[in-house]
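Here is the structure we will look at, set down as structure tokens.
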């Protein structure tokens, strides 16, 4: 959710579930099937996020109140789109959405691992604290997204940058065979228009489960047709 490789103005958060919907921990558990241990870990994550947010600006003022629907469920929905994926890279991991949520839900699966890529040191300090406190199968990388050469099953990002730039950040992962799963808002089709000038894409837009206007961009194959 951060600006790991993009200017702050690119990091607008996706809209959460409709305000008429009561979306609390019980609703999250009902929709995802999360077990008691996973729910305890998510509660601990929320407590740590609340504590750290009092000292640094990790999330906006409404995010903590909307944690379960707008952030946790928005992140968790990705697992259903790649149920067999074990290794993930979250670019611009920021406050841990979707990466920390994925690591919590994947914990206990053999060989599961999440790489949390974040360029801002203060945010990597938070990510490392949560990973250590919850003993998560995750590694925090204090680096720019496009500077790493990680081999993963899925590369993901949430509110990191417009699609044309985001594809550039994700290119090292995509060209190594990763599936791209990018959480986007209602303007994603507009974002894809300039991206088409630089990329030939095999993609699918899937409706978000967390908001009626959100989309998940599934990039199955990407070919750079000219440099940006």
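Based on the Cβ-Cβ distance of residue 144 and residue 37, what FRET efficiency does E = 1/(1 + (r/R0)^6) give at R0 = 45 Å, to the nearest 0.05? Write out the running numbers ahead of the final one.
Values: r = 34 Å, r/R0 = 0.76.
The formula returns an efficiency of 0.85 here.
Please give the helix 36-53 orientation as an angle from the longest Cα principal axis of the chain, in degrees from 0 to 90, rounded to the nearest 10.
80 degrees
Rounded to the nearest 0.05, what FRET efficiency do residue 121 and residue 51 give with R0 = 22 Å and r taken as the Cβ-Cβ distance? Could you check?
With R0 = 22 Å, the Cβ-Cβ based efficiency is 0.75.
With 10 angstrom as the radius, rank 163, 39, 56 by how many other C-beta atoms surround their C-beta, starting from the fewest. Don't jump to the answer; show the numbers that get you there.
On the way: 163 26, 39 16, 56 12.
Going from least to most buried by this count: 56, 39, 163.
Take 90, 187 and order them by how many other Cβ atoms sit within 10 Å, fewest up front. Before the final figure, lay out each step's value.
Details: 90 34, 187 13.
So the residues, fewest neighbours to most, are 187, 90.
Once the Cα gyration tensor of the stretch 100-176 is found, what semi-axes does its equivalent ellipsoid get, as square roots of 5 times the eigenvalues, in whole Å, sorted largest first? Don't jump to the answer; show the numbers that get you there.
Values: eigenvalues 92, 48, 22 Å².
Semi-axes (√(5λ), whole Å): 21, 16, 10.
Quote the Stokes-Einstein diffusion coefficient, in whole µm² s⁻¹, for the chain, based on the Kirkwood radius over alpha carbon pairs, a temperature of 20 °C and a viscosity of 1.002 mPa s. Display every interim value, and only then the final one.
On the way: Rh = 17.3 Å.
Using the Kirkwood radius from Cα pairs, D works out to 124 µm²/s.
Going by C-beta contacts inside 10 Å, put 107, 200 in order with the fewest on the left.
Values: 107 17, 200 10.
Least to most surrounded, the residues fall as 200, 107.
Thinking of the stretch 80-125 as a set of Cα atoms, what percent of all their pairs are more than 18 Å apart? Mind dumping the intermediate values first?
On the way: 271 of 1035 pairs.
For the stretch 80-125, the fraction of Cα-Cα distances above 18 Å is 26 percent.
Hey, with R₀ at 35 Å, roughly what FRET efficiency would residue 225 and residue 187 work out to, going by the Cβ-Cβ distance, to 0.05? Spell out each step's value before the answer.
Numbers: r = 23 Å, r/R0 = 0.65.
Once rounded, the FRET efficiency stands at 0.95.
Any read-out appearing in this document is the output of simple, stated calculations on the displayed coordinates, not a laboratory observation. No experiment lies behind these values; they were computed from the predicted model shown. Because the Cβ atoms are built from the backbone with ideal geometry, glycine has one as well, and the counts that use them run over all protein chains shown.
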